[in-house]
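Engineer: Take a look at the following structure, please.
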Amino acid sequence: MINLHTLGSSSQIFWIERRIFFKITERSRSVSCAISQAALEQVSNHRCAGQAEALASFVACRGRIEAAARRKFLLRYSGSRGPVNLWADDLDDRSPEGAPMMAVRLDWAEAA
């Protein structure tokens, strides 16, 4: 397990079994979160060859990752326990209406 203090932040991030664990603060509450390696590679547009590259990609994309974690936390069932887990489909590009881009692509296919 690698422990990394991020620049400008008092929180720690951890690499455990191809996921990065981190915390966000929402509504004055500390929320545990995790992002899969596949999701991290998607958001960073970079294949992570190991822990060091994954952690560097996380730090570089932290703002977008934390924003996705906040959205997912606010949408999940209030009784849910455990970390907010971010998977690749949680970080898909969004259309202006907020729909996942895949949904927009399906609409194009149906119109053809």
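The values are calculated or read from the model by the stated rules, or taken from the named source; none is laboratory data. On a predicted model such as this, the values are computed, not experimentally measured, just so you know. Ideal geometry is used to build each Cβ from the backbone, glycine not excepted, and the neighbour counts take in all protein chains shown. Ligands, DNA and RNA are stripped out before the accessible areas are found, and what is left, the full protein with its side chains, is counted by its heavy atoms. Shrake-Rupley method; radii C 1.70, N 1.55, O 1.52, S 1.80 Å.
Engineer: Inspect the stretch 94-108 for any residue being touching a strand residue (DSSP E or B) at 6+ places or on another chain (Cβ under 8 Å), modelled with pLDDT of 85 or more, at negative phi and among the aliphatic types (A, V, I, L, M) and give the result as yes or no.
Structural biologist: no
Engineer: Within the stretch 68-91, can you find the residues that are among the acidic types (Asp, Glu) and open to solvent by 80 Å² or more (accessible area, probe 1.4 Å)?
Structural biologist: The answer is Asp89, and nothing else.
Engineer: Considering the stretch 35-61 alone, what residues qualify as being surrounded by 20 or more Cβ atoms within 10 Å (Cβ to Cβ) and out of contact with any helix residue (DSSP H, G or I) (no Cβ under 7 Å at 6 or more places or on another chain)?
Structural biologist: Leu55
Engineer: A further question on this structure: Report, by residue number, each residue of the stretch 39-51 that is without any contact (Cβ under 8 Å) to a residue 24 or more places away in the chain and among the hydrophobic types (A, V, I, L, M, F, W, C).
Structural biologist: Hits for the stretch 39-51 are Cys48, Ala49.
Engineer: Under the condition of being part of a helix (DSSP H, G or I) and charged (D, E, K, R), which residue from the stretch 52-81 is nearest to Arg19 (Cα to Cα)?
Structural biologist: Ranking the qualifying residues of the stretch 52-81, first place goes to Glu53.
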